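Reading through the structure tokens given below for one structure.
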Amino acid sequence: MATYSTNEFKGGLKIMLDNDPCSIIENEFVKPGKGQAFNRVKIRNLKTGRVIERTFKSGDTVESADVVDVEMQYLYNDGEFWHFMVPDTYEQYQADKNAVADAVKWLKEQDICTMTLWNDSPLSVTPPNFVELTITETDPGLKGDTSGGGGKPATLESGAVVRVPLFVQIGEMIRVDTRTGEYVSRVKE
Amino acid sequence: MKPSWRPVADIRQLRQRAQLLAAIRRFFAEREVLEVETPLLCRATGTDPNLDFFSSRFHSPPNPQTLFLQTSPEFAMKRLLAAGSGSIYQICKAFRNGEAGRFHNPEFTILEWYRVGFTLQQLMDEVAELLLGLLAPKLPHLSVRRIGYQQLFKRHTGLDALCFNRQAYREYAVDYPEADGMCGEDHALWLDFLFSHCVQNRMPEDTICLVHGYPAIQSSLARLNSDDTRVAERFEVFINGMELGNGFFELSDADEQEARFDREIARRRRQALPDVAKDRLFLAALRSGLPECSGVAIGLDRLLMIATGCEEIAEVLAFPVGNA
């Protein structure tokens with residue numbers, strides 16, 4: 001198994017901690033003039049998303065985590081698993097509820113997502129930054145209102161609920177920023 | 001990111017560095033302390049297992065030699081003292097391998113001085129006087145506080161620093177589940193861990209904190225207290241939680257010094273660290289007689305960080321290691 005020494009620590013490095021794959025967010029070198037040096041590290045557990053702080057003795061080594069991001073196309077949901085495919089190789093992966101987590105509300109068939117694999121198994125799914133989804137439910141808006149002031153909730157085909165301007169209607173396709181969950185614009189067919 | 005040719009520190013920091021150096025030289029000139037220079041490239045280096053050094057090859061046929069970039073000018077300056085130099089100071093570069101971060105650059109500037117005939121108390125007074133003078137323009141409300149290591153440690157952790165009790169230490173460090181596995185039965189390591197994680201960051205603000213009476217297991221090159229051998233005649237100076245320097249009532253007993261070297265060399269072997277030889281010329285100087293003296297080293301880059309309000313050491317360096 002590959003290992004990293006603390007002096008290779010930097011943001012984004014993937015390591016194993018307490019048997020879970022983690023990603024280093026921040027690394028601070030702490031050393032008294034006379035005495036032991038430490039690396040105080042802020043780490044995200046990639047399974048739970050929790051951020052913790054941990055101190056290592058400088059020079060110690062930790063096991064690397066085999067974590068990679070792969071672009072995959074979302075295919076379908078069979079009721080239990082969400083199926084994805086690597087476009088180049090047609091290799092398929094099935095992700096469970098834990099891996100898909102909050103991304104589920106943005107998934108649209110054929111969209112390209114980022115799949116994080118740990119030891120070649122789906123760990124998490126990141127939807128595209130922008131998705132285009134059809135509104136399945138929203139209050140009828142007032143004709144002619146183009147101001148967008150106030151807005152109203154709208155349910156999208158994927159199940160997500162976003163605030164949209166009053167003039168946007170059922171059946172229309174809108175563009176949403178998945179990082180903020182905010183409406184961006186209507187999409188002309 | 002690609003390194004830029006441009007300096008990282010801006011011109012204000014560079015000017016302030018020049019002023020700081022001039023003020024320090026004035027301070028010592030007024031007190032008739034002699035400025036000296038000693039080699040940066042040395043035949044021998046320190047044995048401290050916590051200090052990693054840079055080494056280089058000196059091409060001097062027929063016997064090529066390894067030379068070390070000094071981690072501190074301490075040994076060479078003590079050779080001058082033993083030769084009768086009287087009180088001396090030096091402003092120089094020191095090099096420590098593997099040290100890079102918000103408060104560390106592997107090459108940094110040290111102000112080190114020795115006062116012949118000074119007790120540790122007198123030297124602490126002088127450190128406070130120098131720092132108050134240098135920092136007055138930026139921090140006019142700076143005050144000075146002396147506190148015993150044991151007392152400070154107890155105040156913030158409730159633990160006895162001198163008497164190791166692994167269970168009590170572990171129970172206190174409940175928020176640091178990694179501590180017990182990492183520190184184990186190593187008392188000094190526990191102290192380093194707890195002090196840097198739970199004490200240092202809680203020191204009073206805008207105060208020059210002179211922490212004295214370090215535990216004997218962290219004596220380094222300090223003499224042990226003659227009344228209480230559990231503590232060393234060593235102090236450290238902190239401002240706003242940042243460690244600025246280390247001072248000692250200097251160990252002058254050559255045999256005791258050699259025994260400490262041997263212990264550190266043995267520890268290096270146990271930890272599979274690079275072997276180093278004892279500095280024989282330094283030991284010979286001690287044998288010929290080091291005058292009673294106290295000495296201290298201050299990190300000038302960090303002092304400059306405080307004087308300029310910078311958060312990272314790189315901001316006060318023209319070319320930190322990233323684009324040196």
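The values are calculated or read from the model by the stated rules, or taken from the named source; none is laboratory data. In this text, all values refer to a predicted model and were calculated from it rather than measured experimentally. Please note: Cβ atoms are built from the backbone with ideal geometry, for glycine as well, and neighbour counts cover all protein chains shown. All accessible areas refer to the heavy atoms of the entire protein, side chains included, with ligands and DNA or RNA removed. Shrake-Rupley method; radii C 1.70, N 1.55, O 1.52, S 1.80 Å.
Quick one: which of B:F261, B:F282, B:F248 is out of contact with any helix residue (DSSP H, G or I) (no Cβ under 7 Å at 6 or more places or on another chain) and away from every other protein chain (no Cβ under 13 Å)? After ruling out the rest, the residue left standing is B:F261.
If we only count helices (runs of 4 or more DSSP H) wholly inside region B:121-190, which ones have 1 or more residues that are in contact with a strand residue (DSSP E or B) (Cβ under 8 Å, 6 or more places away or on another chain)?
Values: elements: B:149-157, B:166-172, B:178-183.
Result: B:149-157, B:178-183.
Please list, ordered by residue number, the strands (runs of 3 or more DSSP E) wholly in region A:1-42 having 3 or more residues that are under 12 Å from A:T55 (Cβ atoms).
Details: elements: A:3-5, A:14-17, A:20-30.
In region A:1-42, the matching strands (runs of 3 or more DSSP E) lie at A:20-30.
Say we look at region A:47-58 and pick out the residues that are in contact with a Leu (Cβ under 9 Å, 6 or more places away or on another chain) and open to solvent by 40 Å² or more (accessible area, probe 1.4 Å); which of these is nearest to the other protein chains (Cβ to nearest Cβ)? Talk me through it step by step, then tell me what you get.
So in region A:47-58, the residues in contact with a Leu (Cβ under 9 Å, 6 or more places away or on another chain) come out as A:47, A:52, A:54, A:57.
In the following step, the residues that additionally are open to solvent by 40 Å² or more (accessible area, probe 1.4 Å) were identified as A:47, A:52, A:57.
Values: A:K47: 18, A:I52: 9, A:K57: 6 Å.
Top of the filtered list is A:K57.
Among what's in region B:93-109 and is farther than 17 Å from B:E243 by Cβ and open to solvent by 30 Å² or more (accessible area, probe 1.4 Å), pick the residue that is nearest to the other protein chains (Cβ to nearest Cβ). Result: B:G98. Screening A:I43 against (1) farther than 30 Å from B:F53 by Cβ; (2) away from chain B (no Cβ under 14 Å); (3) of a type in the set (V, I, T) leaves a single unmet condition, (2).
Find the helices (runs of 4 or more DSSP H) located wholly in region B:235-324 whose residues include 1 or more that are more than 29 Å from B:A82 (Cβ to Cβ), and list them.
Values: elements: B:254-270, B:280-289, B:300-308.
It comes to B:254-270, B:300-308.
Is it the case that B:S55 is surrounded by fewer than 20 Cβ atoms within 10 Å (Cβ to Cβ) and either touching a Phe, Trp or Tyr at 6+ places or on another chain (Cβ under 7 Å) or of a type in the set (G, A, S) (or both)? Walk me through how you get there before you give the answer.
Values: surrounded by fewer than 20 Cβ atoms within 10 Å (Cβ to Cβ): yes; either touching a Phe, Trp or Tyr at 6+ places or on another chain (Cβ under 7 Å) or of a type in the set (G, A, S) (or both): yes.
So B:S55 passes the test.
Can you list the strands (runs of 3 or more DSSP E) found entirely within region A:52-127 that contain at least 2 residues being within 18 Å of A:G159 (Cβ to Cβ)?
So the answer is A:67-77, A:82-85, A:121-126.
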